Amino acid sequence: MTTMSLTTLDRGKTTVDAEAIEALSAQLRGTLLQQGDAAYDEARTIWNATVDRRPGLIVCCVGASDVIRAVNFARENRLLVSVRGGGHNIAGSAVCDGGLMIDLSPMKSVRVDPAARRAWVGPGATLADVDRETQAFGLAVPTGINSTTGISGLTLGGGFGWITRKFGLTIDNLVSADVVTADGKLLRASQTENPDLFWALRGGGGNFGIVTAFEFQLHQMGPQVLSGLVVHPFADAEKVLEEYRNALETAPDELTCWVVMRQAPPLPFLPAEWHGKDVLVLAMCYCGDLQAGEKATKKLRAIGSPIADVVGPNPFAGWQQAFDPLLAPGARNYWKSHDFTELSDRAVEIVTEAIRELPGPECEIFIGHVGGAAGRVAQNATAFPQRSSHFVMNVHARWREPAMDRACIGWARGLYEAAKPYAAGTAYVNFMPEDEVDRVEAAYGGNYQRLLEIKQRYDPLNLFRMNQNLRPKQSQRAA
(Lines give C-alpha, C1' and ligand atoms only; values in the text may rest on other atoms or scores of the structure.)
Protein backbone atom coordinates (compact mmCIF):
# COMPACT_ATOMS: atom_id res chain seq x y z
CA MET A 1 0.00 0.00 0.00
CA THR A 2 1.34 3.45 -0.92
CA THR A 3 2.12 5.71 2.02
CA MET A 4 3.24 9.31 2.52
CA SER A 5 5.84 10.42 5.04
CA LEU A 6 4.68 13.40 7.10
CA THR A 7 6.08 15.39 10.03
CA THR A 8 4.63 14.61 13.46
CA LEU A 9 4.00 16.85 16.46
CA ASP A 10 7.32 15.80 17.98
CA ARG A 11 9.04 16.62 14.67
CA GLY A 12 9.70 12.98 13.87
CA LYS A 13 8.23 11.19 10.86
CA THR A 14 5.12 9.09 10.40
CA THR A 15 3.57 7.40 7.40
CA VAL A 16 0.00 7.98 6.33
CA ASP A 17 -1.78 5.64 3.91
CA ALA A 18 -2.60 7.08 0.52
CA GLU A 19 -6.12 5.69 0.99
CA ALA A 20 -6.56 7.73 4.17
CA ILE A 21 -5.44 10.86 2.33
CA GLU A 22 -7.81 10.12 -0.52
CA ALA A 23 -10.62 9.58 1.96
CA LEU A 24 -9.92 12.97 3.55
CA SER A 25 -9.92 14.63 0.13
CA ALA A 26 -13.27 13.03 -0.73
CA GLN A 27 -14.86 14.41 2.46
CA LEU A 28 -13.85 18.02 1.79
CA ARG A 29 -15.88 20.75 0.17
CA GLY A 30 -12.55 22.46 -0.48
CA THR A 31 -9.43 20.94 -1.96
CA LEU A 32 -6.47 18.92 -0.75
CA LEU A 33 -3.07 19.84 -2.21
CA GLN A 34 0.19 17.92 -2.28
CA GLN A 35 3.61 18.75 -3.67
CA GLY A 36 3.43 18.72 -7.45
CA ASP A 37 -0.15 20.01 -7.62
CA ALA A 38 -0.57 23.15 -9.71
CA ALA A 39 -1.86 25.33 -6.84
CA TYR A 40 0.54 24.00 -4.19
CA ASP A 41 3.28 26.63 -4.44
CA GLU A 42 0.84 29.51 -4.46
CA ALA A 43 -0.91 28.14 -1.37
CA ARG A 44 2.32 27.78 0.61
CA THR A 45 3.74 31.19 -0.37
CA ILE A 46 3.17 33.88 2.26
CA TRP A 47 3.98 37.57 2.73
CA ASN A 48 7.45 37.13 4.29
CA ALA A 49 9.82 35.78 1.64
CA THR A 50 12.32 34.52 4.23
CA VAL A 51 9.84 31.70 4.89
CA ASP A 52 10.16 28.85 2.39
CA ARG A 53 8.53 25.78 3.91
CA ARG A 54 6.85 22.82 2.23
CA PRO A 55 3.88 21.22 3.97
CA GLY A 56 3.20 17.57 3.25
CA LEU A 57 -0.50 18.34 2.77
CA ILE A 58 -2.51 21.55 2.42
CA VAL A 59 -6.24 21.53 3.13
CA CYS A 60 -7.85 24.57 1.46
CA CYS A 61 -11.01 25.03 3.50
CA VAL A 62 -14.25 26.61 2.35
CA GLY A 63 -16.24 26.03 5.53
CA ALA A 64 -16.16 24.90 9.15
CA SER A 65 -16.72 21.27 8.16
CA ASP A 66 -13.44 21.27 6.22
CA VAL A 67 -11.62 22.71 9.23
CA ILE A 68 -13.10 20.05 11.52
CA ARG A 69 -12.08 17.24 9.19
CA ALA A 70 -8.56 18.63 8.81
CA VAL A 71 -8.14 19.00 12.59
CA ASN A 72 -9.39 15.48 13.23
CA PHE A 73 -7.09 14.06 10.57
CA ALA A 74 -4.10 15.89 12.02
CA ARG A 75 -4.88 14.84 15.59
CA GLU A 76 -5.51 11.20 14.73
CA ASN A 77 -2.23 11.02 12.81
CA ARG A 78 -0.29 13.24 15.27
CA LEU A 79 0.69 15.58 12.46
CA LEU A 80 2.39 18.93 12.84
CA VAL A 81 -0.24 21.57 12.05
CA SER A 82 -0.05 25.14 10.81
CA VAL A 83 -2.97 27.47 10.14
CA ARG A 84 -3.03 30.10 7.42
CA GLY A 85 -5.41 33.04 7.49
CA GLY A 86 -4.00 35.98 5.54
CA GLY A 87 -0.44 34.63 5.62
CA HIS A 88 0.91 38.02 6.75
CA ASN A 89 2.39 36.95 10.09
CA ILE A 90 6.04 38.03 10.40
CA ALA A 91 7.04 34.76 12.06
CA GLY A 92 5.76 32.76 9.11
CA SER A 93 3.87 30.37 11.38
CA ALA A 94 1.16 29.90 8.74
CA VAL A 95 3.36 27.32 6.99
CA CYS A 96 4.90 24.16 8.43
CA ASP A 97 7.50 21.82 6.98
CA GLY A 98 6.24 18.32 6.18
CA GLY A 99 3.05 18.49 8.23
CA LEU A 100 -0.53 19.57 7.51
CA MET A 101 -1.28 23.17 6.63
CA ILE A 102 -4.89 24.25 7.17
CA ASP A 103 -5.53 27.09 4.71
CA LEU A 104 -8.43 29.37 5.61
CA SER A 105 -7.80 31.93 2.87
CA PRO A 106 -10.77 30.81 0.72
CA MET A 107 -13.13 31.67 3.62
CA LYS A 108 -13.43 35.40 2.81
CA SER A 109 -17.09 36.12 3.47
CA VAL A 110 -18.05 39.42 5.13
CA ARG A 111 -21.72 40.00 6.02
CA VAL A 112 -22.86 43.30 7.51
CA ASP A 113 -26.09 44.02 9.35
CA PRO A 114 -26.21 47.84 9.26
CA ALA A 115 -29.21 48.11 11.58
CA ALA A 116 -27.60 45.99 14.31
CA ARG A 117 -24.12 47.34 13.50
CA ARG A 118 -22.68 43.87 13.35
CA ALA A 119 -20.36 42.13 10.89
CA TRP A 120 -19.78 38.40 10.51
CA VAL A 121 -16.37 37.78 8.97
CA GLY A 122 -14.68 34.67 7.65
CA PRO A 123 -11.13 33.89 8.81
CA GLY A 124 -9.66 34.25 5.30
CA ALA A 125 -10.83 37.83 4.85
CA THR A 126 -8.28 40.62 4.66
CA LEU A 127 -8.66 44.04 6.23
CA ALA A 128 -9.47 45.39 2.76
CA ASP A 129 -12.33 42.89 2.47
CA VAL A 130 -13.73 44.04 5.81
CA ASP A 131 -13.33 47.75 5.04
CA ARG A 132 -15.07 47.49 1.65
CA GLU A 133 -18.16 45.89 3.15
CA THR A 134 -18.42 47.92 6.34
CA GLN A 135 -17.64 51.30 4.78
CA ALA A 136 -20.41 50.75 2.22
CA PHE A 137 -22.71 51.44 5.19
CA GLY A 138 -20.56 54.13 6.85
CA LEU A 139 -19.48 51.62 9.50
CA ALA A 140 -16.08 50.42 10.71
CA VAL A 141 -14.30 48.05 13.05
CA PRO A 142 -10.82 49.08 14.24
CA THR A 143 -8.12 46.99 12.59
CA GLY A 144 -4.51 47.47 11.42
CA ILE A 145 -2.78 49.72 8.88
CA ASN A 146 -1.96 47.31 6.04
CA SER A 147 -5.03 46.24 4.09
CA THR A 148 -3.54 42.92 2.90
CA THR A 149 -3.27 41.69 6.50
CA GLY A 150 -5.64 38.86 7.41
CA ILE A 151 -8.38 39.64 9.91
CA SER A 152 -7.86 36.34 11.72
CA GLY A 153 -4.27 36.68 12.89
CA LEU A 154 -4.64 40.40 13.51
CA THR A 155 -7.67 39.89 15.73
CA LEU A 156 -6.31 36.96 17.72
CA GLY A 157 -3.16 38.93 18.55
CA GLY A 158 -5.02 42.10 19.59
CA GLY A 159 -5.27 44.41 16.59
CA PHE A 160 -4.60 48.15 16.59
CA GLY A 161 -4.43 50.91 14.01
CA TRP A 162 -5.78 54.31 12.98
CA ILE A 163 -9.07 54.28 14.90
CA THR A 164 -8.06 52.25 17.96
CA ARG A 165 -7.83 55.30 20.21
CA LYS A 166 -11.48 56.08 19.45
CA PHE A 167 -12.99 52.59 19.31
CA GLY A 168 -10.56 50.26 21.09
CA LEU A 169 -8.53 47.31 19.90
CA THR A 170 -9.96 44.88 17.36
CA ILE A 171 -10.51 42.38 20.18
CA ASP A 172 -12.46 44.97 22.17
CA ASN A 173 -15.00 44.90 19.35
CA LEU A 174 -15.21 41.13 19.06
CA VAL A 175 -18.67 39.94 20.10
CA SER A 176 -18.29 36.23 19.46
CA ALA A 177 -16.26 33.64 17.58
CA ASP A 178 -16.94 30.16 16.22
CA VAL A 179 -13.95 27.98 17.12
CA VAL A 180 -12.87 24.49 16.12
CA THR A 181 -10.93 23.11 19.09
CA ALA A 182 -8.25 20.43 19.10
CA ASP A 183 -10.81 17.68 19.74
CA GLY A 184 -12.66 18.60 16.54
CA LYS A 185 -15.62 20.28 18.24
CA LEU A 186 -17.15 23.53 17.00
CA LEU A 187 -17.74 25.89 19.92
CA ARG A 188 -19.14 29.37 20.16
CA ALA A 189 -17.11 31.70 22.36
CA SER A 190 -18.60 34.89 23.78
CA GLN A 191 -19.11 36.65 27.10
CA THR A 192 -21.82 34.12 27.95
CA GLU A 193 -20.72 30.97 26.06
CA ASN A 194 -17.34 29.44 26.89
CA PRO A 195 -16.25 32.77 28.39
CA ASP A 196 -12.80 31.47 29.37
CA LEU A 197 -12.09 30.59 25.74
CA PHE A 198 -13.44 33.98 24.64
CA TRP A 199 -11.11 35.73 27.09
CA ALA A 200 -8.10 33.79 25.78
CA LEU A 201 -8.88 34.31 22.10
CA ARG A 202 -8.74 38.07 22.60
CA GLY A 203 -4.97 38.42 22.42
CA GLY A 204 -3.81 34.85 23.01
CA GLY A 205 -3.26 34.10 19.34
CA GLY A 206 -4.08 30.81 17.64
CA ASN A 207 -3.18 28.70 20.67
CA PHE A 208 -6.69 27.52 21.52
CA GLY A 209 -8.31 26.53 18.26
CA ILE A 210 -9.15 27.68 14.76
CA VAL A 211 -11.70 30.47 14.45
CA THR A 212 -14.04 29.86 11.53
CA ALA A 213 -16.16 33.01 11.98
CA PHE A 214 -15.81 36.33 13.81
CA GLU A 215 -18.69 38.54 14.92
CA PHE A 216 -17.72 42.20 15.35
CA GLN A 217 -19.42 45.25 16.78
CA LEU A 218 -19.31 48.12 14.26
CA HIS A 219 -19.16 51.89 14.73
CA GLN A 220 -20.53 54.75 12.69
CA MET A 221 -17.52 56.32 10.97
CA GLY A 222 -16.52 57.67 7.59
CA PRO A 223 -16.66 57.24 4.73
CA GLN A 224 -14.23 60.19 4.85
CA VAL A 225 -11.58 60.96 7.45
CA LEU A 226 -8.96 63.69 7.73
CA SER A 227 -5.71 61.86 7.09
CA GLY A 228 -2.34 62.07 5.41
CA LEU A 229 1.39 62.57 5.78
CA VAL A 230 3.61 65.39 6.95
CA VAL A 231 7.18 64.74 5.80
CA HIS A 232 10.18 66.24 7.61
CA PRO A 233 13.92 66.21 6.89
CA PHE A 234 15.52 63.62 9.12
CA ALA A 235 18.03 66.23 10.29
CA ASP A 236 15.16 67.68 12.35
CA ALA A 237 14.12 64.31 13.81
CA GLU A 238 14.93 64.84 17.48
CA LYS A 239 13.22 68.23 17.61
CA VAL A 240 10.19 66.92 15.71
CA LEU A 241 9.85 63.93 18.03
CA GLU A 242 10.07 66.16 21.10
CA GLU A 243 7.22 68.34 19.83
CA TYR A 244 5.34 65.25 18.66
CA ARG A 245 5.35 63.88 22.23
CA ASN A 246 4.10 67.20 23.56
CA ALA A 247 1.30 67.45 21.00
CA LEU A 248 -0.01 63.99 21.86
CA GLU A 249 -0.50 64.89 25.51
CA THR A 250 -3.69 66.79 24.60
CA ALA A 251 -4.73 64.76 21.54
CA PRO A 252 -8.39 63.69 21.50
CA ASP A 253 -9.29 60.03 21.04
CA GLU A 254 -10.30 60.71 17.44
CA LEU A 255 -6.71 61.63 16.55
CA THR A 256 -3.96 59.10 15.94
CA CYS A 257 -0.49 60.04 14.75
CA TRP A 258 2.26 57.55 14.01
CA VAL A 259 5.89 58.17 13.12
CA VAL A 260 7.70 56.54 10.20
CA MET A 261 11.46 56.94 9.74
CA ARG A 262 13.08 55.67 6.56
CA GLN A 263 14.51 56.68 3.21
CA ALA A 264 11.89 58.59 1.25
CA PRO A 265 10.26 56.55 -1.51
CA PRO A 266 9.57 58.33 -4.83
CA LEU A 267 6.20 59.69 -3.76
CA PRO A 268 4.69 62.09 -6.32
CA PHE A 269 4.21 64.91 -3.80
CA LEU A 270 7.88 64.91 -2.71
CA PRO A 271 10.46 66.95 -4.61
CA ALA A 272 12.73 64.63 -6.61
CA GLU A 273 15.80 65.73 -4.67
CA TRP A 274 14.33 64.13 -1.54
CA HIS A 275 13.80 60.70 -3.06
CA GLY A 276 16.08 58.22 -1.29
CA LYS A 277 16.97 60.69 1.48
CA ASP A 278 16.33 59.97 5.18
CA VAL A 279 13.03 61.46 6.33
CA LEU A 280 10.71 61.45 9.31
CA VAL A 281 7.01 61.18 8.50
CA LEU A 282 4.10 62.04 10.75
CA ALA A 283 1.19 59.89 9.54
CA MET A 284 -2.09 61.04 11.05
CA CYS A 285 -5.77 60.22 10.97
CA TYR A 286 -8.68 62.04 12.59
CA CYS A 287 -11.82 59.88 12.54
CA GLY A 288 -14.41 62.49 13.53
CA ASP A 289 -15.84 65.69 12.08
CA LEU A 290 -13.51 67.07 9.40
CA GLN A 291 -13.56 70.65 10.70
CA ALA A 292 -12.82 69.43 14.21
CA GLY A 293 -9.99 67.40 12.70
CA GLU A 294 -8.41 70.51 11.19
CA LYS A 295 -8.24 72.02 14.68
CA ALA A 296 -7.05 68.80 16.35
CA THR A 297 -4.19 68.27 13.87
CA LYS A 298 -3.06 71.90 13.88
CA LYS A 299 -0.43 71.45 16.60
CA LEU A 300 1.12 68.43 14.89
CA ARG A 301 1.12 70.10 11.48
CA ALA A 302 2.77 73.23 12.92
CA ILE A 303 5.86 71.30 13.99
CA GLY A 304 9.12 72.30 12.29
CA SER A 305 9.55 73.06 8.59
CA PRO A 306 8.15 70.09 6.68
CA ILE A 307 9.07 69.16 3.14
CA ALA A 308 5.44 68.31 2.39
CA ASP A 309 2.05 68.31 4.11
CA VAL A 310 -0.61 66.25 2.31
CA VAL A 311 -3.15 65.94 5.12
CA GLY A 312 -6.72 66.29 3.89
CA PRO A 313 -10.08 64.56 3.53
CA ASN A 314 -9.71 60.97 2.24
CA PRO A 315 -11.93 57.91 2.02
CA PHE A 316 -11.16 55.81 5.09
CA ALA A 317 -10.92 52.60 3.06
CA GLY A 318 -8.32 54.30 0.86
CA TRP A 319 -6.33 55.60 3.82
CA GLN A 320 -6.27 52.06 5.21
CA GLN A 321 -4.31 51.12 2.07
CA ALA A 322 -1.88 54.05 2.13
CA PHE A 323 1.08 51.97 3.34
CA ASP A 324 0.34 48.89 1.22
CA PRO A 325 2.98 49.74 -1.44
CA LEU A 326 5.69 49.81 1.25
CA LEU A 327 4.55 46.46 2.69
CA ALA A 328 3.78 44.46 -0.44
CA PRO A 329 4.45 40.69 -0.40
CA GLY A 330 7.59 39.22 -1.90
CA ALA A 331 10.33 40.90 0.14
CA ARG A 332 12.40 39.39 2.95
CA ASN A 333 11.33 40.74 6.35
CA TYR A 334 12.45 40.62 9.97
CA TRP A 335 10.90 42.64 12.81
CA LYS A 336 11.85 43.54 16.36
CA SER A 337 9.56 45.58 18.58
CA HIS A 338 9.20 47.20 21.98
CA ASP A 339 6.38 48.76 23.96
CA PHE A 340 7.24 52.07 25.62
CA THR A 341 5.16 53.76 28.31
CA GLU A 342 6.90 56.97 27.23
CA LEU A 343 9.33 58.02 24.53
CA SER A 344 12.24 59.07 26.72
CA ASP A 345 14.98 61.35 25.40
CA ARG A 346 17.43 58.46 25.41
CA ALA A 347 15.04 56.19 23.52
CA VAL A 348 14.64 58.90 20.89
CA GLU A 349 18.42 59.23 20.59
CA ILE A 350 18.84 55.49 20.10
CA VAL A 351 16.15 55.33 17.42
CA THR A 352 17.48 58.30 15.48
CA GLU A 353 21.02 56.93 15.62
CA ALA A 354 19.74 53.68 14.09
CA ILE A 355 18.14 55.49 11.15
CA ARG A 356 21.52 56.98 10.32
CA GLU A 357 22.76 53.39 9.91
CA LEU A 358 19.97 51.96 7.75
CA PRO A 359 21.24 48.81 6.02
CA GLY A 360 18.89 49.12 3.06
CA PRO A 361 16.42 51.48 1.35
CA GLU A 362 13.32 49.59 2.51
CA CYS A 363 14.27 49.32 6.19
CA GLU A 364 12.28 51.56 8.49
CA ILE A 365 11.06 52.21 12.01
CA PHE A 366 7.39 52.68 12.85
CA ILE A 367 6.28 54.21 16.14
CA GLY A 368 2.58 53.78 16.81
CA HIS A 369 0.67 55.59 19.55
CA VAL A 370 -1.94 53.50 21.37
CA GLY A 371 -4.24 54.57 24.17
CA GLY A 372 -7.59 56.36 24.37
CA ALA A 373 -10.43 53.83 24.42
CA ALA A 374 -7.98 50.90 24.24
CA GLY A 375 -6.33 52.18 27.41
CA ARG A 376 -9.57 52.31 29.36
CA VAL A 377 -9.96 48.53 29.41
CA ALA A 378 -8.73 46.61 32.46
CA GLN A 379 -5.44 44.75 32.00
CA ASN A 380 -7.04 41.41 32.89
CA ALA A 381 -10.26 41.93 30.90
CA THR A 382 -8.72 40.21 27.85
CA ALA A 383 -5.56 38.22 27.23
CA PHE A 384 -3.95 41.32 25.68
CA PRO A 385 -2.14 42.85 28.68
CA GLN A 386 -0.69 46.25 27.75
CA ARG A 387 -3.53 48.67 28.28
CA SER A 388 -1.77 51.81 29.41
CA SER A 389 -1.36 54.63 26.90
CA HIS A 390 1.87 53.67 25.20
CA PHE A 391 4.01 53.68 22.09
CA VAL A 392 4.79 50.60 20.02
CA MET A 393 8.09 50.67 18.16
CA ASN A 394 8.35 48.24 15.25
CA VAL A 395 11.84 47.91 13.81
CA HIS A 396 11.08 46.76 10.31
CA ALA A 397 14.01 45.30 8.40
CA ARG A 398 13.01 44.68 4.79
CA TRP A 399 15.23 43.68 1.88
CA ARG A 400 15.34 41.64 -1.32
CA GLU A 401 18.57 39.66 -1.56
CA PRO A 402 19.51 36.76 0.78
CA ALA A 403 23.05 38.17 0.87
CA MET A 404 21.64 41.06 2.93
CA ASP A 405 20.13 38.79 5.63
CA ARG A 406 22.93 39.21 8.14
CA ALA A 407 23.20 43.00 7.85
CA CYS A 408 19.46 43.67 8.01
CA ILE A 409 18.66 41.21 10.80
CA GLY A 410 21.71 42.41 12.74
CA TRP A 411 20.59 46.03 12.43
CA ALA A 412 17.12 45.21 13.82
CA ARG A 413 18.50 43.16 16.68
CA GLY A 414 21.07 45.80 17.57
CA LEU A 415 18.45 48.53 17.84
CA TYR A 416 16.20 46.26 19.86
CA GLU A 417 18.96 45.55 22.39
CA ALA A 418 20.00 49.21 22.65
CA ALA A 419 16.43 50.33 23.34
CA LYS A 420 15.58 47.50 25.75
CA PRO A 421 16.50 49.36 29.00
CA TYR A 422 13.93 52.05 28.19
CA ALA A 423 11.07 49.74 27.16
CA ALA A 424 8.06 48.49 29.12
CA GLY A 425 8.95 44.78 28.82
CA THR A 426 5.68 43.71 27.22
CA ALA A 427 5.32 43.08 23.49
CA TYR A 428 2.71 42.85 20.76
CA VAL A 429 2.73 39.18 19.77
CA ASN A 430 1.79 39.96 16.15
CA PHE A 431 5.10 41.83 15.79
CA MET A 432 7.27 39.06 17.27
CA PRO A 433 9.47 37.05 14.88
CA GLU A 434 9.93 33.29 15.01
CA ASP A 435 13.08 33.45 17.16
CA GLU A 436 11.41 35.19 20.13
CA VAL A 437 9.99 32.10 21.84
CA ASP A 438 11.67 33.13 25.09
CA ARG A 439 9.69 36.37 25.12
CA VAL A 440 6.17 34.95 25.20
CA GLU A 441 5.77 34.95 28.98
CA ALA A 442 6.89 38.60 29.25
CA ALA A 443 4.59 39.56 26.38
CA TYR A 444 1.54 38.41 28.36
CA GLY A 445 2.71 39.62 31.76
CA GLY A 446 0.16 38.98 34.51
CA ASN A 447 -2.17 37.15 32.11
CA TYR A 448 0.34 34.42 31.26
CA GLN A 449 -0.60 31.84 33.91
CA ARG A 450 -4.31 32.06 33.19
CA LEU A 451 -3.57 31.57 29.49
CA LEU A 452 -1.56 28.43 30.28
CA GLU A 453 -4.46 27.02 32.30
CA ILE A 454 -6.90 27.61 29.43
CA LYS A 455 -4.45 26.14 26.93
CA GLN A 456 -4.21 23.02 29.11
CA ARG A 457 -8.00 22.61 29.00
CA TYR A 458 -8.53 23.16 25.29
CA ASP A 459 -5.30 21.88 23.72
CA PRO A 460 -3.35 19.69 26.18
CA LEU A 461 -1.31 18.03 23.42
CA ASN A 462 -0.36 21.39 21.90
CA LEU A 463 -1.77 20.55 18.47
CA PHE A 464 -1.90 24.30 17.75
CA ARG A 465 1.74 25.13 18.33
CA MET A 466 2.75 26.98 15.16
CA ASN A 467 2.30 30.40 16.78
CA GLN A 468 3.75 32.41 19.66
CA ASN A 469 3.20 29.28 21.63
CA LEU A 470 1.78 28.76 25.09
CA ARG A 471 2.99 25.27 25.92
CA PRO A 472 0.66 23.23 28.16
CA LYS A 473 2.21 21.30 31.03
CA GLN A 474 1.75 17.95 29.35
CA SER A 475 3.62 19.20 26.30
CA GLN A 476 6.36 20.69 28.47
CA ARG A 477 6.94 17.33 30.16
CA ALA A 478 7.16 15.57 26.81
CA ALA A 479 9.75 18.04 25.47
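A few comments on the model shown:
- Most tightly packed first, judged by the mean number of other beta-carbon atoms within 10 Å of their residues, the peptides 381-394, 428-441 read 381-394, 428-441.
- For segment 329-479, accessible area per residue (1.4 Å probe, heavy atoms of protein chains only), Å²: 42 Å²
- The chain: angle of helix 345-355 to the longest principal axis, Cα-based, in degrees nearest 10: 70 degrees
- Note on the chain: helix-only mean residue ellipticity at 222 nm, from DSSP H runs of 4+ residues weighted -39500 (n - 2.57) and normalised by residue number, equals -7500 deg cm²/dmol.
- Selection among Thr148, Leu24, Ile46 by position relative to the dipole of the chain gives Leu24 as farthest towards the positive end (Cβ unit charges, Cα centre).
- Percent accessible area from carbon and sulfur atoms, the chain, protein chains only, probe 1.4 Å: 49 percent
- Among the GluC sites (Glu not before Pro) found in segment 164-238, those both in a DSSP coil and sparsely packed, with 15 or fewer other Cβ atoms within 10 Å of their Cβ, are Glu193.
- Charges were assigned to the Cβ only: +1 to each Lys and Arg, -1 to each Asp and Glu. The resulting dipole of segment 215-306 about its Cα centre is roughly 220 debye.
- Solvent exposure of segment 1-150 amounts to 40 Å² per residue of accessible area, where only protein heavy atoms count and the probe is 1.4 Å.
- Those GluC sites (Glu not before Pro) in segment 305-396 that DSSP places in a loop and that have at most 15 other beta carbons within 10 Å: Glu342, Glu357
- In a simple Cβ point-charge model (Lys, Arg +1; Asp, Glu -1; nothing else charged), the chain has a dipole of about 760 debye relative to its Cα centre.
- Tilt relative to the chain, helix 18-27 - C-alpha long axis, 0 to 90 degrees, to 10: 60 degrees
- Under 5 Å between amide hydrogens, built in the peptide plane, is the criterion, and for Val225 it picks out Asn314, Phe316 among residues at least 5 positions away or on other chains.
- Per residue, segment 161-269 exposes 31 Å² of solvent-accessible protein surface, assessed with a 1.4 angstrom probe and all protein chains in place.
- Cα-based shape type of the chain, given that a ≥ b ≥ c are square roots of the gyration tensor eigenvalues and the cut on a/c is 1.5: prolate
- Segment 244-313: chymotrypsin sites (Phe, Trp or Tyr not before Pro) in DSSP coil with no more than 16 other Cβ atoms inside 10 Å: Phe269
- Among beta bridges from DSSP that stay inside the chain, the antiparallel ones total about 90%.
The values are calculated or read from the model by the stated rules, or taken from the named source; none is laboratory data. Values in this document were obtained by computation on a predicted structure and should not be read as measured data. Cβ atoms come from the backbone with ideal geometry, glycine included; neighbour counts cover every protein chain shown. Heads up: the accessible areas ignore ligands, DNA and RNA and are worked out on the full protein's heavy atoms, side chains in. Shrake-Rupley method; radii C 1.70, N 1.55, O 1.52, S 1.80 Å.
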